[in-house]
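The values are calculated or read from the model by the stated rules, or taken from the named source; none is laboratory data. The shown structure was predicted, so the numbers you read here are calculated from the model rather than taken from an experiment. Virtual Cβ from ideal backbone geometry, glycine too; neighbours counted across all protein chains shown.
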Amino acid sequence: MNNTGTTTDASAAGTWMLGDRSVNRIGLGAMRLTGDAAFDLGVPSDRDTSMRVLRRAIELGVNHIDTASFYFSRLRSANELINTALSPYPEDLVIATKVGPGRDPSGEWYSASPEQLRGQVEENLRQLGRDHLDVVNLRRMSQPSIAEHFGALAELRDAGLIRHLGVSEVTAAQLAEAQAIAPVVCVQNRFNIDVRTHHQVLGLCGEQGIAFVPYFAIAGAGRERGAVAGGVENEHILAIAAAHGATAAQVRLAWTLQLGPHVLAIPGTGNPDHLEANVAAGALRLTGAEMDQLSALGQEQ
């Protein structure tokens, strides 16, 4: 398969209902739109390039973008870039954001109280230029119970500020806790070939028709630093990539998507070529043996 310059459309990966909205299963994560300086890690992005990535994503059929108001660097805000590049928004575009963690203007992190969640929701609304948010994920921090926080978001949904609710970094018990309060349309947990501590939640989401949205699917253990940061890619992944004429990142995405039809991928990038390659990964089909080989890698950790 071609790694860059592809004309593959995001629909090649299939679709899933995110609440009452149909989305292509290959989406876009907005964190890296602010550049290597996301969370003040490096050099800010080029503004025009970031907006070009967003507009090209729409051209390629991407209609699910994951963002957050705390995705900002010294010079860039992911939400502001999305608003500037894409407003007025396409009717089929679903923008999902998350609340719970927050950053003050200096960049310092804090964990929002239930009472502070409305302010975080309104901040996303202002930055995105919207009257309501399509999906809001409650990102659990360290609290064992999410009931009070999720209940506060359910009230904002009832008030019309939010269309659908999701949860992030939760266990099966915490998912059930949220569902007892209001419907949950998606679960966004860290999950990839290297890190699979939420396998039970992945299965539960499939059984219940809930979207499972793994983050850091490409980055693996590198997390915010990117794929195989400080290390070398696994030789088994490289061999499978070579067999398909693909990249290791594309193999990681293909493995993610083949975990189940309810799994949505949101690879993050601020690079136009990487965007093209990520979308093309939606057309890559791994064999059963390759899936088993890749799945065994995480079990060896």
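Quick notes on this one:
- Counting only residues that are surrounded by 11 or more Cβ atoms within 10 Å (Cβ to Cβ) and more than 13 Å from residue 153 (Cβ to Cβ), segment 101-118 holds 7 of them.
- For the criterion of being in a loop (DSSP other than H, G, I, E, B), closer than 26 Å to residue 53 by Cα and touching a residue at least 40 places away in the same chain (Cβ under 8 Å), residue 282 fails.
- Of the criteria (1) among the polar types (S, T, N, Q); (2) under 18 Å from residue 31 (Cα atoms); (3) more than 20 Å from the chain's Cα centre (by Cα), which one residue 143 fails: (2)
- Lone qualifier among 289, 249 - being within 21 Å of residue 53 (Cα to Cα), out of contact with any Gly (no Cβ under 9 Å at 6 or more places or on another chain), among the small types (Gly, Ala, Ser) and at pLDDT 95 or above: 249
- Being in a helix (DSSP H, G or I), within 23 Å of residue 30 (Cα to Cα), out of contact with any Leu (no Cβ under 7 Å at 6 or more places or on another chain) and at pLDDT below 95 is a description that applies to residue 223.
So that you can scan it fast, the table gives a plain yes or no per residue for (1) buried (at least 19 other Cβ atoms within 10 Å of the Cβ); (2) at pLDDT 95 or above:
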site	(1), (2)
39	no, no
48	no, yes
53	yes, yes
56	no, yes
62	yes, yes
67	yes, yes
74	no, no
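- Check on residue 45, over 25 Å from residue 164 (Cβ atoms) and either in contact with a Cys (Cβ under 9 Å, 6 or more places away or on another chain) or touching a residue at least 60 places away in the same chain (Cβ under 8 Å) (or both): yes
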